[in-house]
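For reference, the structure discussed in these notes is given below.
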Amino acid sequence: MIPVHVAIIMDGNGRWAKKRSLPRAYGHKQGVKTVKKIVKAANSLGIKVLTLYAFSTENWKRPENEIKALMTLLKYFLSKEIDELAKENVKIKVLGDLSKFSEDIKIDIEKACKRTCDNTGLKLNIALNYGARQEILYAFEAMLDQGIKKPTEEVLSSFLYTAGLPDPDLLIRTSGEFRISNFLLWQIAYSEIYIVDKLWPDFTAQDLEIAIKNFQKRQRRFGSIVLENSKK
Ligand code: IPE
Ligand code: IPE
Ligand code: MG
């Protein structure tokens, strides 16, 4: 079975640039090219939801020039790449606290989401200024505002940025780091995790297929057991 929802921690742009003695911004630029390729590949593989971790709530700690380069790339992506994605029937959504972004970026995000909102192909979620802890805190704030004091798991889920979406089946992290870095903490409770050494700019459609093949060999148990004579 093809995973319905794939989430990716796109890590390693800086190391990719460093290996080539280039400024980190070059790595991010190359990373955007990979995003395009992987979105197309995911769409044609029949993945329904792809969630990409693009900028964390902690990434603001980076030097100003790197943040600036990332914002310029984000603007480029939202304005110049959107035509192609729209044609591919991709539906774009942004997960995260957008209040920290500049007005022009906020407008571009809104435009990109509006323009693709009726598309029926791949649901592409871009996590921007996203932090799972912040997401859960916001959810509690919003629930308390609505007088919900004892939420069920379903109710809490419906207050997250990912409301209405299934939890990720497969979580991929590039660049070999064995950590989650504050990504989708609630939603990945039973996701299969796949960590690959390749740096994000080097990650290809074929690597995505390899990750999926690996996922297909896993036995998901969700806390239960598999009986001897039952089918896998
Ligand atoms: C991921 O690549 C992109 C962002 C976090 C914005 P990094 O920039 O973290 O690359 P490394 O981990 O330093 O190689
Ligand atoms: C995680 O990568 C965030 C994104 C990919 C956007 P980081 O590079 O920020 O994570 P750490 O600092 O290595 O944990
Ligand atoms: Mg990193």
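The values are calculated or read from the model by the stated rules, or taken from the named source; none is laboratory data. Owing to the predicted nature of the structure, the values given are computational and were not obtained by experimental measurement. With ideal geometry, Cβ positions are generated from the backbone for all residues, glycine too; neighbour counts draw on all protein chains shown. Surface accessibility is based on the protein's heavy atoms, side chains included, excluding ligands, DNA and RNA. Shrake-Rupley method; radii C 1.70, N 1.55, O 1.52, S 1.80 Å.
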About the Cα centre, and with charges only on the beta carbon of Lys, Arg (+1) and Asp, Glu (-1), how big is the dipole of the chain? Nearest 20 debye, please. 660 debye
Considering only protein heavy atoms and a 1.4 Å probe, what is the carbon-and-sulfur percentage of the accessible area of segment 39-131? 53 percent
Over the chain, with neighbouring protein chains present, the accessible area per residue in Å² at probe 1.4 Å is 56 Å²
Work from the charge dipole of the chain (Cβ charges, +1 for Lys and Arg, -1 for Asp and Glu, about the Cα centre) and give the residue of Gly121, Ala7, Val35 farthest towards its positive end. Val35
Sparse-neighbourhood loop hits (trypsin sites (Lys or Arg not before Pro), segment 14-119; DSSP loop; Cβ within 10 Å at most 12 others) -> Arg20
So which chymotrypsin sites (Phe, Trp or Tyr not before Pro) in segment 127-232 are both in a DSSP loop and have at most 16 other Cβ atoms within 10 Å of their Cβ? Phe178, Trp186, Tyr190, Phe222
What is the dipole size for segment 1-73, taken about its Cα centre, with +1 at each Lys and Arg Cβ and -1 at each Asp and Glu Cβ, in debye to the nearest 20? 340 debye
Kindly provide the pair-distance distribution of segment 78-209 built from C-alpha pairs, with 5 Å bins from 0 and whole-percent values in order of increasing distance. 2, 9, 15, 17, 20, 19, 12, 4, 2, 0
Compute the Rg to Rh ratio over the chain from the alpha carbon atoms, using the Kirkwood formula for Rh, and round to two decimal places. 0.97
Normalised convex hull volume, segment 27-72, alpha-carbon set, Å³ per residue: 74 Å³
In whole percent, what relative contact order does segment 42-173 give with Cα contacts below 8 Å and a gap of six or more residues? 33 percent
Roughly speaking, what is the centre-to-centre gap between segment 61-91 and segment 96-164 when only Cα atoms are used, to the nearest Å? 18 Å
For the chain, whose charge dipole is built from +1 on Lys and Arg Cβ atoms and -1 on Asp and Glu Cβ atoms, the candidate among Leu171, Leu22, Val90 with its Cα farthest towards the positive end is Leu22
Selection of GluC sites (Glu not before Pro), segment 106-204, meeting DSSP coil and at most 15 other Cβ within 10 Å: Glu177
Estimated FRET transfer efficiency when R0 is 22 angstrom, pair Arg62-Asp104 (beta carbons, to 0.05): 0.60
Positive end of the dipole of segment 77-232, charges at C-beta (+1 Lys, Arg; -1 Asp, Glu), about the Cα centre: which of Gln187, Ala211, Phe222 has its Cα farthest in that direction? Phe222
Restricting to lysines 8 or more places apart or on different chains, can you count the pairs in segment 124-232 with Cα atoms under 21 Å from each other? 6
Under 16 Å from Lys114, Cα to Cα: aspartates and glutamates that are on another chain or at least 8 residues apart: Glu81, Asp83, Glu84, Glu88, Asp104
Distribution output for segment 20-109: share of Cα-Cα pairs per 10 Å bin in percent, first bin at 0, values 13, 47, 32, 7
